[in-house]
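The values are calculated or read from the model by the stated rules, or taken from the named source; none is laboratory data. Computed from a predicted structure; not experimentally measured. Neighbour counts run over all protein chains shown; Cβ positions are idealised from the backbone, glycine included. Side chains are part of the model used for accessible areas, which takes the heavy atoms of the whole protein and leaves out ligands, DNA and RNA. Shrake-Rupley method; radii C 1.70, N 1.55, O 1.52, S 1.80 Å.
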Amino acid sequence: MTASRSISKSEFLSSLPPWRRFLARLNWHPTVDAQINAIESRGETVRLRNESEQVRNEIEQLRRESEQLRIENARLAELESRLDLLFLNADSSSQNPPATDCN
């Protein structure tokens, strides 16, 4: 179990004795909740920024891999055309074997 970095206001108030809870209610300010929300939203913003950067890095890696595959495909297509040309030249220059009479 991981320890929470902070406790909620209701958890804090429930841990106080009744007379202290009453004083805390009298001393409540909405700015405290706003500050807590701001702190939480900053943490969420940082987390989202980190995730966004990670996705950008993954996209860039995929682009590099895609470019490498495109280059490799072009190279393979060139080799294939050269092989086709070699086979075509070999077929046209070769003589048909003489027919054998099998009696």
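Points to keep in mind about this one:
- Placing pseudo-labels 7 Å out from each Cα toward the beta carbon at residue 92 and residue 57 gives an inter-label distance of 5.5 nm.
- Inter-label distance for residue 36 and residue 82, nm, one decimal - labels placed 7 Å from Cα along Cα-to-Cβ: 7.1
- Spin-label model distance (nm) - residue 66 vs residue 11, 7 Å beyond Cα toward Cβ: 4.4
- Surface share of carbon and sulfur [accessible, 1.4 angstrom probe, percent] for region 22-95: 57
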